[in-house]
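*Asks:* If you scroll down you'll find the structure; I have some questions about it.
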Amino acid sequence: MSKGKDAQAASAVLDYLNRQNRPYSAIDIFNNLHKEFGKTLIVRCLEDLAKDGKITEKVYGKQKVYVADQSQFPSVDEKELKAMDTKITELTASLETSKTKCKEKEKEIAMLNSSLTNEEAQQRLQELTTMCAKKDSRVSQIKSAGIHISVEQKKAVYENHQTTVKAWRKRKRMAMDIVDAILEGYPKSKKQLLEEVGLETDEECNVKIPQTK
């Protein structure tokens, strides 16, 4: 690594710590400088700056943190610190309020973006009006028809349909069971047997048993 690169890295690290004026680990500084310099170089710069007294090194177990030399900053009395704390609290509250308002505006913008324009709303209204008119016409046709069935009659038709279909399946199964029993001692094929007895299957007639609920 060239001395110029070392000096550039040391200057960037020192400037960053002075501007932020808060403790950071070597990894924090490496990441916060967007990995512009290698991690090994950052560690070396921090150690050299600490040895030169330009920054302060604190050791907590195996962790080292670095902070700007506080002697370079003007002293602040207790009253000023309290005023700063109050200002920070006020700014934090203001920030949260602004975030809340920003979220509300984002929701409002999203809602407006998803809303129909006047032209789109007019077109949709026309479509719905036409649809309603067709349905009204259909209802009128049904009401004017000469034959109506009650709910009870409709239910009876469905029940009769289900009973008939069940009987169909049962009788078909019984007939096929008889055919299979005969085939056990019949010397010819199933097709020949059905032709001899004159039995037509649903499949030959292209008929399917209706589905029931």
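The values are calculated or read from the model by the stated rules, or taken from the named source; none is laboratory data. Computed from a predicted structure; not experimentally measured. We place every Cβ from the backbone using ideal geometry, glycine too, and count neighbours over all the protein chains shown.
*Asks:* Taking the residues in region 74-125 that are exposed (fewer than 10 other Cβ atoms within 10 Å of the Cβ) and polar (S, T, N, Q) as candidates, determine which candidate is nearest to residue 21 (Cα to Cα).
*Replies:* Ranking the qualifying residues of region 74-125, first place goes to 75.
*Asks:* Given the conditions (1) part of a helix (DSSP H, G or I); (2) closer than 30 Å to residue 11 by Cβ, report the number of the one that residue 122 does not fulfil.
*Replies:* Of everything listed in (1) part of a helix (DSSP H, G or I); (2) closer than 30 Å to residue 11 by Cβ, residue 122 misses just condition (2).
*Asks:* Residue 50: at pLDDT 90 or above, under 17 Å from residue 18 (Cα atoms), surrounded by 13 or more Cβ atoms within 10 Å (Cβ to Cβ) and within 49 Å of the chain's Cα centre (by Cα), yes or no?
*Replies:* Working: at pLDDT 90 or above: yes; under 17 Å from residue 18 (Cα atoms): yes; surrounded by 13 or more Cβ atoms within 10 Å (Cβ to Cβ): yes; within 49 Å of the chain's Cα centre (by Cα): no.
Considered against the rule, which asks whether it is at pLDDT 90 or above, under 17 Å from residue 18 (Cα atoms), surrounded by 13 or more Cβ atoms within 10 Å (Cβ to Cβ) and within 49 Å of the chain's Cα centre (by Cα), residue 50 comes out as no.
*Asks:* So which of 178, 149 ends up being among the β-branched types (Val, Ile, Thr), outside any helix (DSSP H, G or I) and surrounded by 10 or more Cβ atoms within 10 Å (Cβ to Cβ)? Write out each step before concluding.
*Replies:* Working: 178 fails: outside any helix (DSSP H, G or I).
After ruling out the rest, the residue left standing is 149.
*Asks:* Still on this structure, I have one more. So, of the residues in region 53-67 that are exposed (fewer than 11 other Cβ atoms within 10 Å of the Cβ) and without any contact (Cβ under 8 Å) to a residue 12 or more places away in the chain, which turns out to be nearest to residue 15 (Cα to Cα)? If you could, list the steps in order and put the result at the bottom.
*Replies:* Here is the first cut: in region 53-67, the ones exposed (fewer than 11 other Cβ atoms within 10 Å of the Cβ) are 53, 59-63.
Applying the additional criterion that residues be without any contact (Cβ under 8 Å) to a residue 12 or more places away in the chain yields 59-62.
Working: 59: 21, 60: 24, 61: 27, 62: 25 Å.
Residue satisfying both the conditions and the ranking: 59.
*Asks:* Next question. Applying the selection to region 165-204, what residues are under 30 Å from residue 155 (Cα atoms) and among the hydrophobic types (A, V, I, L, M, F, W, C)?
*Replies:* Answer for region 165-204, where residues must be under 30 Å from residue 155 (Cα atoms) and among the hydrophobic types (A, V, I, L, M, F, W, C): 165, 167, 168, 174.
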